[in-house]
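Worksheet: one structure, shown below.
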Amino acid sequence: MNERPTLIAKVSDEGGLNTSGHGIGHDFQLIIDEDPQQVYSLNSYYTADVGSYNAGSVQFVLPTLTPGRHHLSFRAWDVQNNASIQHLTFTVKPGEDPMLSNLVAVRQADRYLFRFNHNRPDVPVTVKMTVLSLMGQRCWEESTTMQAGQWQSDVLEWNLSDTKGRKVPGGVYLCRVQVTDATGGESMIAEKIQVLPQ
């Protein structure tokens, strides 16, 4: 795990979940390393599943953790005042590279829009997007800094032009996305795209 992992807890109960915190201490609650100074109420981080009153998920970006082993305790309550507690132990490794997946390219008439999934929510990262011909010639490149919420990047856009502003010829191109975080960790993902003659 990196130094700022995200807890994702899937919760459900046949009778319904207590998402309001009604009752003393009846919040969705996270305790880090059994430390009374690291107790978090997570009710506002709960999202119900679409069309459901009794199932959903909690997503919470943990504070920066020190390298080494850590322990989480997560507690949830149902509407009948029954609690369930789950425990998780994991290891934080400093400088672990970002993980990228699901690079999606959406073709529009005069541009491509790109998104990808990553494991650096709410952390500033530098994103470099490069478009290459299948012969390896660099057609276009752009770098930006983003701090994407949750697990999906901001939208990246390419207007089908090369670095000199000329429209590229139709054909197959390779889109490469490289992400670098503040610790210097770096990962890359690539996808082929089809450009129609313009």
What are the pairs with Cβ atoms under 9 angstrom where one residue, in the stretch 33-47, is under 15 Å from Val58 (Cα atoms) and the other, located anywhere, is loosely packed, with under 13 Cβ neighbours inside 10 Å? Sequence gap at least six, or different chains. Tyr40/Pro63; Asn43/Ser20
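At least 2 residues that are more than 16 Å from Ser101 (Cα to Cα) and free of Cβ contacts under 8 Å to residues at least 60 places away in the same chain in each: list the strands (runs of 3 or more DSSP E) lying fully within the stretch 153-196 that qualify. It would help to see each step written out before you state the result.
On the way: elements: 156-158, 171-181, 186-195.
In the stretch 153-196, the matching strands (runs of 3 or more DSSP E) lie at 156-158, 171-181.
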Which residues, taken from the stretch 181-191, are modelled with pLDDT of 90 or more and either surrounded by 17 or more Cβ atoms within 10 Å (Cβ to Cβ) or outside the structural domain of Arg111 (by TED's automatic domain parsing) (or both)? Ser187, Ile189
Criterion first (modelled with pLDDT of 90 or more and among the acidic types (Asp, Glu)) does Asp33 satisfy it? yes
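Filter the stretch 70-86 down to the residues that are exposed (fewer than 11 other Cβ atoms within 10 Å of the Cβ) and either at pLDDT 90 or above or in contact with a Phe, Trp or Tyr (Cβ under 7 Å, 6 or more places away or on another chain) (or both) and list them by number.
Of all residues in the stretch 70-86, those exposed (fewer than 11 other Cβ atoms within 10 Å of the Cβ) come to 80-81, 85.
Of everything in the stretch 70-86, just one residue is exposed (fewer than 11 other Cβ atoms within 10 Å of the Cβ) and either at pLDDT 90 or above or in contact with a Phe, Trp or Tyr (Cβ under 7 Å, 6 or more places away or on another chain) (or both), namely Ile85.
The values are calculated or read from the model by the stated rules, or taken from the named source; none is laboratory data. Keep in mind that this is a model prediction, so the values were computed, not measured. Counting neighbours? That spans all protein chains shown, and the Cβs are built from the backbone with ideal geometry, glycine included.
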